[in-house]
Amino acid sequence: MLLALFFFLSSQASANPQRTEHAIAEIVSDRAGVHAGQSIQIGLSLTLKPGWHTYWRNPGDAGLPTTLDWSLPPGSRVTDIDWPAPERIDVGPLVSFGYEGEVLFPLTFTAPSFARPGDTLRLRAQARWLVCKEVCIPESAVLEFDLPVLEPGSVAQSTLSSPAFASHIASQALPLKADSVELLYEGRSAVLMITAPQNSDKYSITSLPLIHFFPYPERLIEPVQHEVYQTPLGYAIKLAVLPDAQLPEDLQGILVAKQKLNGELSIWGNQSVAAEFKAAVKSVTRLPSFSEADRIHTVSSTPSSGAPLAVKTSSMKLWSALGLALLGGMILNLMPCVFPVLSIKLLSLAHRPEKPSLFKHAISYSSAVVFSFLALGGGLLLLREAGRAVGWGFQLQEPLFVFGLAVLFSLIGFNLLGAFDVSSMVPRALANWRSQSPALDAFASGVLAVLAATPCTAPFMGAALGFALTQSAGVSLLVFGALGCGMALPYAALLLAPRWRDQLPSPGLWMVRLKQGLAFPMFATAVWLIWVLGQQSGIDAVGKALLSLVGVAWVLWMLGSPSRAGSGFSLRHLLLAGVFLGLLVWSSPPLSDRSSQDMAPHTGSNSVASQWLPFDEEALADHLTRGNTVFVDFTAAWCVTCQVNKIMVLSSSQTLQDFSTAKVVLMRADWTDRNQRISAALARLGRSGVPVYALFRPAKPPLLLPELLTAKMVRDALQAP
């Protein structure tokens, strides 16, 4: 009797659970043993600490799916994970798809056909998963599982060794019962049309279950929000396609019921909470429309207490964000992209105008700066609402905008050198009105100063903008307005307290020389913008842009050289203006054809650049799992602050030596072009623009460095506990 009991106990499947800091992991099976050649259900069971979550096969905006690398006995095999239905996990402005609490990742194991009764099959798996709360921590474990081989003819015990198998069977995604499923799309808008089967009449049109939509492909459908409508035939789900996503011929995914109907939690009597669908994808010229009365519900993200790999910004108070925005806006005036423009305006004040006109000038300039910041903020919010992943300086990701700025700064340089006179290029009435309305010049200068400021990020701006873009539209615009007030304040103060002008010599030849000298920073800015254009669109675009600048210079010389000044506005001006516009259209660079998923940074092949790896979240998680520290440089070719920091600090031999001594892995996230993954990573760090410098350490929150770097700051960060 005792011998029989011993044999029974020794023939039970056994596992060796592994405990990590945030989870308990083990391999489980639905049976106590297996026959030779038999297939049974096994799975990875994860029990997560309260408040922590892990990810589905498509993690949504952020995250990584769980992986299993198996080492199996000869002749045996396992299938891929049969993913359980996920839940939406709202993380600040982002949405992830995953699980909390206890989750089972099931799969099918088939024993070798030549296995002998009494043998024990040892299964070994390297499991890797990502757990997130306020930070994300990659974890892993080597798991072993012993499975006895049973005698032929004996009945394998069907007692489930984990309650998770029973839950999985009840929630397994079954094929959706539907007459048809189609995804109709127009541009970046799409509608998933689902026609109910004829035998679903027991569900009235007013009691359709609330459902959540989960697509299988990553980086295809915007996960943040979808709207579900009832139709006479079933469901219509309004979706947004991510920028630059290429829709497949068929879209697969699952629908998950979230509401009980008639005592049953299912979709159309599917006997499961989840239903798997396959939708034919069709392009249409016009999407169907739906009334608000037909809306069943809207699924959207709601702010939470933290974000993956993120610095907490939700705890920041509004007054703190406004203060940081005001201070950051003031410092922005000293950045290399803004200071030359302000120098020109300050030079114009050396003529000692009367105090009333100074007051009007200050009001006009300040109004223009604040208005421009509000316009930028509004545009950014609208684009984000439409599903675009954008941030501060987003317009410089468009090659045509960069090209236009290069032309504009070249025009300013030509004007400062006296190559043309603006008054000779416009109708006399407009020229007279301009000369009599200095406030117009002040307003235009304010707009130009903000345009010039967008490639730069000043200290304190990053945290303020990161806070703004997680708040309501009203609060966000308030922060952008504070940035504008901060930028306008120093210049307005100089206008209204003009004692500094008394220290200047009387107007004379020195002013002409200084004005001409200021043309060269404008030309240098144009050269830098052409370089940025080359990074975005290639060498052909650079050649066409340079040719266009030569043509622009010729047209301006013909239209507005001093020898022709005063001739007024004539048909000749119109003809040459037409040539000017035609030349710009012909020679303007094409839109960049770089893929938004192209992670390769815009760097050369020199030895310094080769030390930096392209940013990749999976590689980052893998390095952290292995105990490595990773420094990530979020940068862009059009970001002046980024380039200054790169040359002065990050590429210096001393800093590179510090990185090498600390054995830090270097990554560069290049945001020159639109890149969905980098935008999402910035959002998780509570930032909306570059530069951002983040030091990732195993099992610790990321450490963010200031926007303006020094070698000492980097060294101190590497030595931080």
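If Arg626, Arg687 are ordered by their accessible area, calculated over protein heavy atoms with a 1.4 Å probe, which sequence runs from highest to lowest? Mind showing how you got there, number by number?
Details: Arg626 145, Arg687 45 Å².
Per-residue accessible area, sorted high to low, gives Arg626, Arg687.
Largest accessible area first, the residues Ile412, Ile237, Ile296 order themselves as Ile296, Ile412, Ile237 under a 1.4 Å probe with ligands, DNA and RNA left out. Per-residue surface analysis assigns Glu100 an accessible area of about 100 Å², computed on protein heavy atoms at 1.4 Å probe radius.
Note on surface exposure: Glu139, Glu292 rank Glu292, Glu139 by accessible area, highest first, 1.4 Å probe.
The label-point distance for Phe371 and Leu489, in a model that sets each label 7 Å from Cα toward Cβ, rounds to 2.3 nm.
Multiply the residue separation of Ala553 and Arg626 by 0.36 nm, subtract the distance between their alpha-carbon atoms, and state the gained length in nm to one decimal.
Values: separation 73, 0.36 × 73 = 26.28 nm, distance 5.74 nm.
Contour length minus Cα-Cα distance gives 20.5 nm.
With the biggest extent put first, the Cα atoms of the stretch 621-668 measure 35, 23, 9 Å across the principal axes.
May I ask you to derive the FRET efficiency for Leu666 and Ala699 from their Cβ-Cβ distance with R0 = 22 Å, giving the value to the nearest 0.05?
Values: r = 20 Å, r/R0 = 0.93.
The formula returns an efficiency of 0.60 here.
The alpha carbon convex hull volume per residue for the stretch 664-721 rounds to 100 Å³. If a paramagnetic tag sat 7 Å from the Cα of Ala720 along the Cα-Cβ line, which residues of the stretch 665-701 would have the backbone N under 12 Å from that point? Residues passing the 12 Å test: 693-697, 700-701. Take the Cβ atoms of Leu383 and Ala524, set R0 to 35 Å, and the FRET efficiency comes out at 0.70.
The simple Förster model, with R0 at 41 Å and r as the Cβ-Cβ distance, assigns Lys49 and Glu151 a FRET efficiency of 0.45. Stretching Gln657 away from Met511 to a fully extended chain increases their span by 47.9 nm, per 0.36 nm per residue minus the current alpha-carbon distance. Taking the accessible area of the stretch 606-684, probe 1.4 Å, and keeping the other protein chains in place, the carbon and sulfur fraction comes to 52%. Full extension of the chain segment joining Phe290 with Ile24 gains 91.1 nm, where the gain is 0.36 nm per residue of separation less the Cα-Cα distance. Here each label is just a point 7 Å from Cα along the line to Cβ, and for Val281 and Leu417 those points are 5.1 nm apart. Enclosing the Cα atoms of the stretch 23-79 in their convex hull gives a volume equal to 112 cubic angstrom per residue. By the Kirkwood approach, averaging reciprocal distances over each pair of separate Cα atoms, the stretch 220-259 gets a hydrodynamic radius of 12.1 Å.
The values are calculated or read from the model by the stated rules, or taken from the named source; none is laboratory data. For clarity, every value in this text was computed on a predicted model and none was experimentally measured. Using ideal geometry, Cβ is built from the backbone for each residue, glycine included, and neighbour counts are taken over all protein chains shown. Areas reflect the complete protein model, heavy atoms only, side chains present, ligands, DNA and RNA absent. Shrake-Rupley method; radii C 1.70, N 1.55, O 1.52, S 1.80 Å.
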